[in-house]
Amino acid sequence: MAFFRRFACSVLLNRRGYVSYSEATDLVRSSFPKEGVACLTLNDAKRRNALSFSMLNQLKDEIQSLSNKKGTRVIIINSEGSVFSSGHNLKELQSENGKEFHEQIFHKCSEVMQLVQDIPLPVIAQVRGLATAAGCQLVASCDIAVASDKAQFATPGVKVGLFCSTPGVALSRAVPRKKALQMLFTGDPISAQDALLHGLVSHVVPEEKLEEETMKIATKICTASSAIIAVGKAFFYQQINLNRNQAYQLAEGTMVHNLSLADGQEGINAFVAKRQPVWSNK
């Protein structure tokens, strides 16, 4: 089944309706380094982990599969090679591929970015090297981002005549407006420390400690009830664009619902009894 999915993702239609094929490789590699933790590795270092149509398809399939996989509590997205992701494959955006294919690419990319935030599992970006354009968009879309102190971030589309409009959606929701516009208008990269200062990433660590520090956060998340995490994540993204009164109204209902869950009561009862909670993840 996995082979069929990879094969299907490699099929592209050009504007004349003919079928062409890209390499049927694992552009996204999954692994399970620790109980409850799944890693999705962008695995096309030769192409600077470009988010090609095939890679976006595979990434979407893997995220959906993991969100339904029993025992998975958190997803880490990392990369092979020295670049996290260079964004879209610009060869796919040339005019000979046609408007319909271009529409498919950007729609698929939007689906992936929204899926990252819509699934109940926390998603952590582990960023080594450069994250540009849609690669920067992916970092901005993740719930948490841990970056190497050597990482850089950019939305350089303006330099090649393609303004980073879709990356700007995620970027503008992660950093202040004026910083987002500076990145979008100039296309210049910012450092990991600058990204931390403006909220694009959560944590910056020495490159040699990147995997270790990311795993610490993932492991900590795994100690909580997955049911409660799911409630909290869904609420966070629902309320963030509401006005204050609407957000509080939604929060009140969410808190009451949270108390009705088995783990909501288990946590409170454990605290009162001065013992550690035993989560049922329900």
**Request:** Quick one: check the C-alpha center-to-center distance for segment 142-181 versus segment 22-84, whole angstrom.
**Result:** 21
**Request:** Mind jotting down the three principal axis lengths of the chain based on Cα atoms? Whole angstrom, largest first.
**Result:** 67, 46, 41
**Prompt:** Normalised by the residues of segment 92-198, what does the relative contact order come to in percent, with Cα pairs under 8 Å and at least six apart?
**Reply:** 23
**Item:** Across Lys108/Lys178; Lys60/Lys233; Lys150/Lys233; Lys150/Lys209; Lys60/Lys282; Lys108/Lys282, pairs whose alpha-carbon gap is larger than 23 Å
**Value:** Lys108/Lys178; Lys150/Lys233; Lys60/Lys282; Lys108/Lys282
**Request:** For segment 191-231, give the percent of accessible area contributed by carbon and sulfur heavy atoms, probe 1.4 Å, rounded to a whole number.
**Result:** 59
**Request:** With springs connecting C-alpha atoms under 10 Å apart, model the chain as a Gaussian network and identify which of His102, His203, His257 has the largest mean-square fluctuation.
**Result:** His257
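For the chain, what proportion of DSSP beta bridges, expressed in % and rounded to the nearest 5, is antiparallel? Each step should come with its number before you reach the end.
Numbers: 10 of 31 bridges.
If we restrict to bridges inside the chain, about 30 percent are antiparallel.
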**Request:** Multiply the residue separation of Gln276 and Glu80 by 0.36 nm, subtract the distance between their alpha-carbon atoms, and state the gained length in nm to one decimal.
**Result:** 66.7 nm
**Request:** Please sort by residue number the GluC sites (Glu not before Pro) in segment 174-282 whose DSSP state is loop and whose Cβ has at most 10 other Cβ atoms within 10 Å.
**Result:** none
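Quick one: if the Förster radius is 35 Å, what FRET efficiency do Thr223 and Glu96 give, using the C-beta to C-beta distance and rounding to 0.05?
Working: r = 52 Å, r/R0 = 1.48.
The computed FRET efficiency comes out at 0.10.
Would you calculate, for the chain, the mean residue ellipticity at 222 nm contributed by helices, counting each DSSP H stretch of 4 or more residues as -39,500 (n - 2.57) and dividing by all residues, to the nearest 500? Walk me through the intermediate numbers first.
Details: 11 runs with 130 residues, N = 282.
Calculated mean residue ellipticity at 222 nm is -14000 deg cm²/dmol.
Below 8 Å between Cα atoms, with a sequence gap of 6+, how large is the relative contact order for the chain in percent?
Values: 504 pairs, mean separation 39.3, N = 282.
Once divided by the residue count of the chain, the mean separation gives 14 percent.
Summing Lys, Arg as +1 and Asp, Glu as -1, what charge do residues with Cβ under 12 Å from the Cβ of Pro122 carry, Pro122 excluded? Don't skip to the end; give the middle numbers.
Working: positive: Arg73, Lys220, Lys233; negative: Asp143.
Net charge around Pro122: +2.
Between Ser110 and Asn68, what FRET efficiency comes out of the Förster formula 1/(1 + (r/R0)^6) with R0 = 22 Å and r the beta carbon distance, rounded to 0.05? Spell out each step's value before the answer.
Details: r = 21 Å, r/R0 = 0.96.
The calculated FRET efficiency here is 0.55.
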**Asked** With labels modelled as points extended 7 Å from the Cα through the Cβ direction, what inter-label distance (nm, one decimal) is found for Leu181 paired with His257?
**Response** 3.6
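Hey, can you find the accessible area per residue of segment 141-183 for me, probe 1.4 Å, expressed in square angstrom? Could you put the intermediate results ahead of the total?
Numbers: 2100 Å² over 43 residues.
On a per-residue basis, 49 Å².
The values are calculated or read from the model by the stated rules, or taken from the named source; none is laboratory data. The model shown is predicted, which means the values in this text are computed figures rather than measured ones. Every residue, glycine among them, receives a Cβ derived from its backbone with ideal geometry; neighbour counts consider all protein chains shown. Just the protein is used for accessible areas: all its heavy atoms, side chains included, with ligands, DNA and RNA removed. Shrake-Rupley method; radii C 1.70, N 1.55, O 1.52, S 1.80 Å.
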